[in-house]
Amino acid sequence: MPQRRLSDTMGMDALGNLTNQFLIATPSLTDPHFAHTVTYICEHSAEGTMGIVINRPLDITIGDVLAQTHIVPSNRFDSHQPVFGGGPVQQEHGFVLHAPAGAWDSSLRINEQLAVTTSRDILSAIAHREGPAHYLVALGYAGWGAQQLERELLQNSWLIGPATPQILFETPVADRWQAAAQLMGIDLRLLSSEVGHA
């Protein structure tokens, strides 16, 4: 997929809806919250954008989260899976990005296969090996106000590319930033600071 090029007057209408896309930090982005990150965009509208960073593991595990929520996992559950720093907003709240979407108490359905859920029932199901086949647990999310992300795109901070379940759930965490860019035919190691301008 070719890189999208932006004009200085481009807003959401011209950019299109970015839901179910990867937002890939360019090497020129030095914000410590987002440097070298891949963010999966869960929702993009005229009111703003919400996403989950998928390549920033924290120093806590799913077992730690389950203990804090008083959920006792089954004996065969792998409690050592990492929890991700989903972004700088509401870092005290948990978000589960998962496939299939299923039916949970509090979910934002992204498409037919993917959803992000914030209710306790999905954590309990995961702990008892009855949850979705693929999932990523994060604390916090990445959020942008109306037109904020569009302005950042004009500043060469991000690349926009197709999202795949393989990168979301199967690619080793350390490889996700490069792998997401490679879907667009881009080698981030060779990317100049001028990327993004027409």
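The values are calculated or read from the model by the stated rules, or taken from the named source; none is laboratory data. Remember, it's a predicted structure, so these values are computed and weren't measured experimentally. Positions of Cβ are backbone-derived with ideal geometry, glycine not excepted, and every protein chain shown enters the neighbour counts.
A few points about this structure:
- Meets criteria (closer than 25 Å to residue 19 by Cβ and assigned to a loop (DSSP other than H, G, I, E, B)) for residue 143: no
- Search result, residues across region 41-66 that are farther than 21 Å from residue 163 by Cα and charged (D, E, K, R): 47, 59, 64
- Residue within region 108-122 that is surrounded by 20 or more Cβ atoms within 10 Å (Cβ to Cβ), over 17 Å from the mean Cα position of the chain (by Cα) and under 28 Å from residue 62 (Cβ atoms) present: yes
- Take the conditions (1) without any contact (Cβ under 8 Å) to a residue 40 or more places away in the chain; (2) of a type in the set (S, T, N, Q); (3) out of contact with any strand residue (DSSP E or B) (no Cβ under 8 Å at 6 or more places or on another chain); residue 106 misses just one of them, which is (3).
- Meets criteria (of a type outside the set (A, V, I, L, M) and either within 16 Å of residue 180 (Cα to Cα) or assigned to a loop (DSSP other than H, G, I, E, B) (or both)) for residue 31: yes
- Within region 52-106, if we keep just the residues that are of a type in the set (Gly, Ala, Ser) and under 12 Å from the mean Cα position of the chain (by Cα), the residue that is surrounded by the fewest Cβ atoms within 10 Å (Cβ to Cβ) turns out to be 85.
- Of the strands (runs of 3 or more DSSP E) lying entirely inside region 77-128, the ones with 2 or more residues being under 28 Å from residue 24 (Cα atoms), at pLDDT 95 or above and out of contact with any Gly (no Cβ under 6 Å at 6 or more places or on another chain) are found at 82-85, 89-99, 115-117.
To keep it simple, each residue is scored yes or no on (1) touching a residue at least 60 places away in the same chain (Cβ under 8 Å); (2) small (Gly, Ala, Ser); (3) in contact with a Leu (Cβ under 7 Å, 6 or more places away or on another chain); (4) under 15 Å from residue 54 (Cα atoms).
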| residue | (1), (2), (3), (4) |
| --- | --- |
| 124 | no, yes, no, no |
| 131 | no, yes, no, no |
| 145 | yes, yes, no, no |
| 150 | yes, no, yes, no |
| 155 | no, no, no, no |
| 163 | yes, yes, no, yes |
| 168 | yes, no, yes, yes |
| 172 | no, no, no, yes |
| 178 | no, no, yes, yes |
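- In region 1-45, the residues that are among the small types (Gly, Ala, Ser) and modelled with pLDDT under 90: 7, 11, 14, 16, 28
- When residues of region 157-186 are limited to those that are part of a helix (DSSP H, G or I) and within 14 Å of residue 134 (Cβ to Cβ), the one farthest from the chain's Cα centre (by Cα): 166
- Residue check for residue 176: among the basic types (Lys, Arg), in contact with a helix residue (DSSP H, G or I) (Cβ under 6 Å, 6 or more places away or on another chain) and farther than 23 Å from residue 93 by Cα: yes
- Among residues of region 173-198 being of a type in the set (S, T, N, Q) and farther than 17 Å from residue 22 by Cα, the one that is modelled with the highest pLDDT is 192.
- Against the list (1) farther than 17 Å from residue 97 by Cβ; (2) out of contact with any Phe, Trp or Tyr (no Cβ under 7 Å at 6 or more places or on another chain); (3) not basic (Lys, Arg), the condition residue 152 fails is (2).
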